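Peer 1: Let me give you the structure first, and then I'll get to my questions.
What follows draws every value from the coordinates through simple rules; no lab data is involved. These numbers come from a predicted model, not from an experiment. Note that we place each Cβ from the backbone using ideal geometry, even for glycine, and neighbour counts take in every protein chain shown.
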Amino acid sequence: MDARLPAAHDRAGRPADRGHPAAGARARPACRVTQDEEELLRLLVRLSYFREPGKQFRLASGRTSDYYIECALTTTNPTAIPLIGALVHARLPAAAVAVGGPTMGADPIAAAVAFHSAGTAHPVAWFSVRKAAKEHGATRWLEGSARPGDAVVVVEDVITSGGSLIEAVRKCHAEGLHVLRAVVLVDREEDGGRARVEKALGEVGADFEALFTRGQLERAWRQRID
């Protein structure tokens, strides 16, 4: 681990032993990645993937599309939450001590990861990246358990152009965090978003991973309606 990065801490602020769960943590079963991915994909298609032949959806950008992805309907679902927590946690670098992203889309993801991590040898805290800097008290971009010098992973529910994710990474760096990786739930595979995100992350020595792509959701949707 990079000597400049702080060691992981448990929820009480004590250094966490990577080989054993933090004190008081409840044991959880190991993540069955393939099974969990398949189940989460089914939930995303059933709850969050809107596609009706001949219908156009108006997006936040003002453009129209023949499909719409509303990840919040999955990230706040009680069946999906533990799956998200396990799958994203499995993708955290060993040096990461916290996970967070742009509010509000990333908030349930980060919280799910932190909760899952409590029963593992790699506990992490979570934080939220504000849209606007806090103007009272400690003026900052972040809320939650992240401090200058922490090694973190930035999460997001869905990317199109990647703008909000890139902005969140920049805000994390402005607060003195070391971003190691970005993980998103769904890559819409549009507007060159992935390439743009990978370029921005590469400039700070971080990498990128998407759990699913729009293509995967589309194929699963077609199988479901056939």
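Peer 1: Dividing the convex hull volume of the alpha carbon atoms of region 33-225 by its residue count, what do you get in Å³ per residue?
Peer 2: Looking at region 33-225, the number lands at 118 Å³ per residue.
Peer 1: Now for a different question. Order of LEU83, LEU59, LEU47 from fewest to most other C-beta atoms within 10 Å?
Peer 2: LEU59, LEU47, LEU83
Peer 1: List the aspartates and glutamates whose Cα sits under 13 Å from the Cα of LYS134, skipping any in the same chain fewer than 8 residues away.
Peer 2: Within the straight-line cut-off, LYS134 pairs with GLU143, GLU175.
Peer 1: Can you give the relative contact order of region 33-225 as a percent, counting alpha carbon pairs under 8 Å and 6+ residues apart?
Peer 2: 17
Peer 1: Still on this model: For a quick check: sort ILE166, ILE225 by the number of other beta carbons within 10 angstrom, fewest at the front.
Peer 2: ILE225, ILE166
Peer 1: Taking other Cβ within 10 Å of each residue's Cβ, how do TRP221, TRP126, TRP141 sort, fewest first?
Peer 2: TRP221, TRP141, TRP126
Peer 1: Next question. Restrict the search to region 146-188; then list the GluC sites (Glu not before Pro) that DSSP places in a loop and that have at most 13 other Cβ atoms within 10 Å of their Cβ.
Peer 2: none
Peer 1: Next question. Under a 5 Å amide H to amide H cut-off, with H placed in plane at 1.01 Å, what residues pair with VAL179 once short-range neighbours are removed?
Peer 2: VAL152
Peer 1: Listed highest first by mean packing, meaning other Cβ atoms within 10 Å per residue, what order do 104-112, 116-124 come in?
Peer 2: The peptides rank, most packed first, as 104-112, 116-124.
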